[in-house]
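See below for the structure under consideration.
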Amino acid sequence: MDKKIVLSGSRPTGNIHLGNYFGAVSNWVKLQEEYDCNFFIADWHALTTGYADTADLRKNSLSLAADYLASGLDPKKCTIFLQSLVKQHSELFLLLSMNTPLAWLERCPTYKDQLANIKDRDITTYGFLGYPALMAADILMYKADYVPVGEDQVPHLELAREMSRRFNFIYGREVFPEPAPLFTKSKVLPGTDGRKMSKSYGNTISLSDTPDDVLKKIRGMVTDPARIRKDDPGHPEVCSVYAFHKVFSEDKVDDICAQCKKGEIGCVACKKMLSERVAEFQTPIYEKRLEILSHEDTLIDIIKEGSAKAAVRAEKTMEDVRSAIKIGF
Ligand code: TRP
Ligand code: SF4
């Protein structure tokens with residue numbers, strides 16, 4: 001039986017942090033064992049908001065590829081590619097844009113949100129409005145069955161489904177299936193300050209942080225503000241260190257909870273235990289990443305090979321698409 005097709009990607013806008021890792025990439029690593037998986041670096045999407053500042057674009061794309069590989073994505077088990085190296089995505093984006101109603105794009109919640117919130121650059125551009133059409137092209141290109149995405153991407157996926165239906169209806173052929181979101185139970189890690197982990201809050205711990213930085217960040221984590229002395233009873237449920245222990249110290253988390261509530265463990269000791277666990281997890285990935293990045297040519301070859309493989313599939317889809325539209329010879 002043919003394997004179901006999975007596709008997902010992320011923009012190369014910074015290094016993968018532990019929130020991304022546990023929320024997405026660790027799950028991709030499992031999916032590659034079971035599905036026909038395609039994971040990519042959405043460098044064109046990075047231009048939708050970052051078109052004016054491209055100095056770090058190549059570096060960030062390589063860095064994201066290194067994050068993927070160091071996390072355990074295996075180019076023998078899945079296809080890893082760079083969006084801008086598979087030119088078919090731009091053709092499908094163009095063709096979808098011809099029949100995508102403006103109103104669908106204008107009422108997209110992420111569009112309205114970012115338009116209201118991003119003030120430091122001008123994103124009133126054609127490309128930014130078209131973000132979901134490019135994303136739909138990414139997904140439909142591989143006739144993906146499942147798209148593992150976070151909550152924030154659901155409106156985009158819904159638009160991809162609508163674009164798929166509309167294309168099939170207009171051209172009278174079932175060219176595209178309807179991609180479904182794939183939600184999996186994932187472990188949720190807050191940022192070091194207790195809010196959602198996000199680059200824009202400056203509260204991340206990244207796969208690329210030096211072990212020393214990780215240590216410092218853990219030392220600075222926000223705990224239960226009501227605990228002043230070591231023997232004050234604590235409230236682990238409001239503490240970000242505790243939320244980390246739930247992920248990194250499953251075997252000890254019940255003890256930690258009980259001891260914290262009774263004031264039997266101090267926050268300094270509690271953080272120290274956590275540091276050990278996080279280091280055990282993060283240091284090997286950190287080192288693997290550096291190793292991968294130190295052989296840049298090999299890394300670029302892996303990306304190019306994956307992209308060539310993706311392009312073969314993409315071209316097959318485009319043949320169906322052109323034939324349905326009756327364009328070209
Ligand atoms: N929009 C996604 C994000 O910001 C990245 C992305 C681009 C994507 N194209 C995709 C994700 C296709 C899944 C499928 O995270
Ligand atoms: Fe948080 Fe641990 Fe301090 Fe309790 S003892 S408040 S869980 S850091």
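Where helices (runs of 4 or more DSSP H) sit wholly within region 146-255, those with at least 3 residues that are without any contact (Cβ under 8 Å) to a residue 12 or more places away in the chain, over 30 Å from residue 70 (Cβ atoms) and away from ligand 2 (no atom under 16 Å from the Cβ) occupy 154-171.
Within the set 26, 90, the sole residue that is touching a Gly at 6+ places or on another chain (Cβ under 9 Å), more than 11 Å from ligand 1 (Cβ to nearest atom) and in a helix (DSSP H, G or I) turns out to be 26. Checked against (1) among the aromatic types (Phe, Trp, Tyr); (2) within 11 Å of ligand 1 (Cβ to nearest atom); (3) free of Cβ contacts under 8 Å to residues at least 60 places away in the same chain, residue 111 passes all but a single condition, namely (2).
Of the listed requirements (1) acidic (Asp, Glu); (2) touching an Asp or Glu at 6+ places or on another chain (Cβ under 9 Å); (3) part of a helix (DSSP H, G or I), residue 264 misses just one: (3). Just to be sure, is residue 71 at pLDDT 95 or above and surrounded by fewer than 20 Cβ atoms within 10 Å (Cβ to Cβ)? When the stated conditions are applied, residue 71 passes them.
Answer with yes or no whether residue 320 is in the same structural domain as residue 167 (by TED's automatic domain parsing), farther than 24 Å from residue 209 by Cα and exposed (fewer than 13 other Cβ atoms within 10 Å of the Cβ).
Considered against the rule, which asks whether it is in the same structural domain as residue 167 (by TED's automatic domain parsing), farther than 24 Å from residue 209 by Cα and exposed (fewer than 13 other Cβ atoms within 10 Å of the Cβ), residue 320 comes out as no.
Per the conditions (1) at pLDDT 95 or above; (2) away from ligand 2 (no atom under 16 Å from the Cβ), the sole criterion not satisfied by residue 273 is (2).
The values are calculated or read from the model by the stated rules, or taken from the named source; none is laboratory data. Nothing here was measured: the structure is a model prediction, and the numbers come from that model. Positions of Cβ are backbone-derived with ideal geometry, glycine not excepted, and every protein chain shown enters the neighbour counts.
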